[in-house]
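Quick notes on the structure that follows.
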Amino acid sequence: MHTATLELELALRAQGYRFIAGLDEAGRGAWAGPVVAAAVILPLERSDLCTLLEGVCDSKQLASDARIKLAERIRSIALAVGVGISAPAVIDREGILPATRRAMLQALQRLHIKPDALVLDHLQLPQVDLPQFAAPHADTHHLCVAAASIIAKVTRDQQMILLEHRYPGYGFAAHKGYGTSAHRHALAQRGVTAIHRRSFAPVRAVMEKIDHFAQLDESDYREDTCTRRMQPASADAILQ
């Protein structure tokens, strides 16, 4: 497992940037549920930061239990954490990349400290007038982005687990809305729910065959409800 480092963050700090926000998302490729983004500002002045955040790396490399524990540690150490969400309706209306950028902008707006610079994985935010450093696999190499990837993943996973209770039989708690064979089978058997992304080809194909939604509650599809149900400052206070 590759451990993320502070090499870039410390180099930027040496150039005069004080508050550097790492950003990442979770759920961009899923067939159902929102896309969630997180922004994290770490206390770069702490000489023990790497030790305190030992094990923080790309969230995809970690087991669920490890991610949850690390998310709690990140929140206790970070100077600021913000979370943003784009609901299925936003994804279908705007497309997944604009919806991802929208969630990232929300995450930035919910930081209680204004960042001086951003570090991102691939994407840049043209709407933000700040220096931005986007690199492939930033969540693997840069600690602030790895921390953001864990916060985003844990937040989204917990929401999908709760949505399993609203839409039983689809396996959302297990596959988190991604395109597994079990999810494909459930779609074929049960139809499309309100949290499915209707613009995604596998979901659209089911809709063309079935002229109704399975357990339709449009409130789960809309942006206002998804945003209201999420507490952006807490990874585990979702759908209150």
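So the values come out like this:
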| item | result |
| --- | --- |
| Share of alpha-carbon pairs per 5 Å distance bin for the chain, given as whole % | 1, 7, 15, 19, 18, 15, 10, 7, 4, 2, 1, 0 |
| Within the chain, longest stretch free of exposed trypsin sites (Lys or Arg not before Pro) [DSSP loop, at most 14 other beta carbons within 10 Å] | 47-240 |
| Part-to-part distance (alpha-carbon centres) for the range 14-77 and the range 166-204, which is given in Å | 28 |
| With at most 16 other Cβ atoms within 10 Å, longest stretch of the chain clear of loop GluC sites (Glu not before Pro) (DSSP) | 55-240 |
| Hz values of 3J(HN,Hα) by residue in the range 57-63 - Karplus curve (6.51, -1.76, 1.60), Gly and Pro given as x | 7, 3, 4, 5, 8, 10, 6 |
| For the range 54-137, diffusion coefficient by Stokes-Einstein and Kirkwood Rh (Cα), 4 °C, 1.567 mPa s, µm²/s | 89 |
| Neighbour-count order for 142, 196, fewest beta carbons within 10 angstrom listed first | 142, 196 |
| Cα-based Lys proximity count in the chain, under 29 Å, for pairs eight or more positions apart or on separate chains | 10 |
| For 178, 170, 17, order by how many other beta-carbon atoms lie within 10 Å, fewest first | 178, 17, 170 |
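Read the figures in this text as sums done on the coordinates, not as results from a lab. Given the structure is predicted, the values throughout are model-derived calculations rather than measurements. Backbone-built Cβ (ideal geometry, glycine too); neighbour counts: all protein chains shown.
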